[in-house]
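S.K.: My questions will all concern the structure given below.
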Amino acid sequence: MNTGVITARYASALLKWVDETGRSKPVCAQVIRLLKDPESVEEPLEPELRSLITLLARNGRTAYLKYILVTFLRMHNEEHHIKMATLTTAAPSEDTEKLVRGLLEGNEVIFDTRTDPSIIGGFVLKVDDMLLDASVSRQLADIRRQFIKKNRRIV
């Protein structure tokens with residue numbers, strides 16, 4: 001059977017179950033924590049996730065767990081019109097974070113901030129599948145490409 005079909009079926013069933021029970025928010029929060037760092041989740045699993053893992057073990061499909069959780073999260077966010085945003089800055093900056101949160105106001109957004117010194121300055125904002133790269137490292141790379149392009153014309 002196709003991996004996509006398996007993950008979509010289990011994810012869809014989990015989504016319907018948590019929507020019916022009204023426990024989608026705590027389950028989604030725990031799924032996000034599990035996907036980021038499985039070792040960091042210290043509290044017991046939500047009952048729906050425990051039941052899902054038991055079912056997967058019984059059916060011999062535990063290898064699909066990560067794919068099912070990613071698909072579940074995507075389906076949940078699409079159904080409930082929730083955006084996933086990741087802001088990456090070179091150093092922690094509350095001003096940049098406030099500015100970006102203001103731009104995304106009006107939408108329900110799950111916001112994640114990260115620091116990456118390799119971008120030198122500026123920020124990289126990813127909202128769902130869209131990317132806004134306003135980093136200094138990208139701008140330097142663009143300038144470098146322009147110099148290379150111009151030098152090739154001369155030679």
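The values are calculated or read from the model by the stated rules, or taken from the named source; none is laboratory data. The shown structure was predicted, so the numbers you read here are calculated from the model rather than taken from an experiment. Glycine also receives a Cβ, built like all others from the backbone with ideal geometry; neighbour counts cover every protein chain displayed. In case anyone asks, the SASA skips ligands and DNA or RNA and just uses the protein heavy atoms, side chains included. Shrake-Rupley method; radii C 1.70, N 1.55, O 1.52, S 1.80 Å.
S.K.: State whether segment 1-56 is rounded, prolate or oblate according to the following rule on the C-alpha gyration tensor (a ≥ b ≥ c being the square roots of its eigenvalues): a/c under 1.5 gives rounded; otherwise a/b larger than b/c gives prolate, and the remaining case gives oblate. Write out the running numbers ahead of the final one.
M.R.: Numbers: a/c = 1.90, a/b = 1.29, b/c = 1.47.
In terms of gyration-tensor shape, oblate.
S.K.: Please report, as a whole percent, how much of the solvent-accessible surface of the chain comes from carbon and sulfur atoms (probe radius 1.4 Å). Walk me through the numbers on the way to the answer.
M.R.: Working: 5740 of 10560 Å².
Ligands and nucleic acids excluded, carbon and sulfur give 54 percent.
S.K.: Restricting to DSSP H runs of at least four residues, report the calculated mean residue ellipticity at 222 nm for the chain, -39500 (n - 2.57) per run over all residues, nearest 500 deg cm²/dmol.
M.R.: -19000 deg cm²/dmol
S.K.: Heavy atoms only, 1.4 Å probe, whole protein assembly: order 48, 108, 20 by accessible area, highest first. All intermediate terms of the calculation are to be shown ahead of the outcome.
M.R.: Details: 48 10, 108 90, 20 155 Å².
I get 20, 108, 48, largest accessible area first.
S.K.: Further question on the same structure: Which entries of 25/66; 25/98; 66/98; 36/149; 66/126 have Cα-Cα distances beyond 30 Å here?
M.R.: 66/98; 36/149
S.K.: With label points built 7 Å along Cα→Cβ from the Cα atoms of residue 2 and residue 136, find their separation and express it in nm.
M.R.: 4.7
S.K.: What accessible area, in Å² to the nearest ten, does a 1.4 Å probe give for residue 116?
M.R.: For residue 116, the solvent-accessible surface is approximately 50 Å².
S.K.: Work out the length of the dipole vector of the chain about its Cα centre, built from +1 on the beta-carbon of each Lys and Arg and -1 on the beta-carbon of each Asp and Glu, and round it to the nearest 20 debye. Walk me through the numbers before you get to the answer.
M.R.: Values: 23 positive and 21 negative charges, 207 e Å.
Here the size comes out at about 1000 debye.
S.K.: Another question, then. Please state the relative contact order of the chain as a whole percent: Cα pairs under 8 Å, 6+ residues apart?
M.R.: Value for the chain: 19 percent.
S.K.: Turning to a different aspect of this structure: Limiting things to C-alpha atoms, what are the Rg and the maximum Cα-Cα separation (Dmax) for segment 18-155, in angstroms?
M.R.: 20.3, 69
S.K.: Another one. Return one whole number: the accessible area per residue of segment 10-155 in Å², for a 1.4 Å probe.
M.R.: Values: 9970 Å² over 146 residues.
Per residue, segment 10-155 has 68 Å² of solvent-accessible surface.
S.K.: In debye, nearest 20: dipole of segment 25-67 around its Cα centre with unit charges on the Cβ of K, R (+) and D, E (-)?
M.R.: 260
S.K.: What does the charge count near residue 28 come to, summing +1 for each Lys or Arg and -1 for each Asp or Glu among other residues with Cβ under 13 Å from its Cβ? Mind showing how you got there, number by number?
M.R.: Working: positive: 23, 25, 33, 36, 74; negative: 19, 46, 48, 78, 79, 108.
So the surrounding residues net to -1.
S.K.: Let me ask something else. Tell me the accessible surface of residue 137 in square angstrom (1.4 angstrom probe, heavy atoms of protein chains only), to the nearest ten.
M.R.: Around 40 Å² of this residue is reachable by solvent.
S.K.: May I pose another question? With a 1.4 Å probe and all protein chains kept in place, how do 135, 118 rank by accessible area, largest first? Provide the component values of the computation, followed by the final result.
M.R.: Details: 135 0, 118 80 Å².
Accessible-area ranking of 135, 118, largest first: 118, 135.
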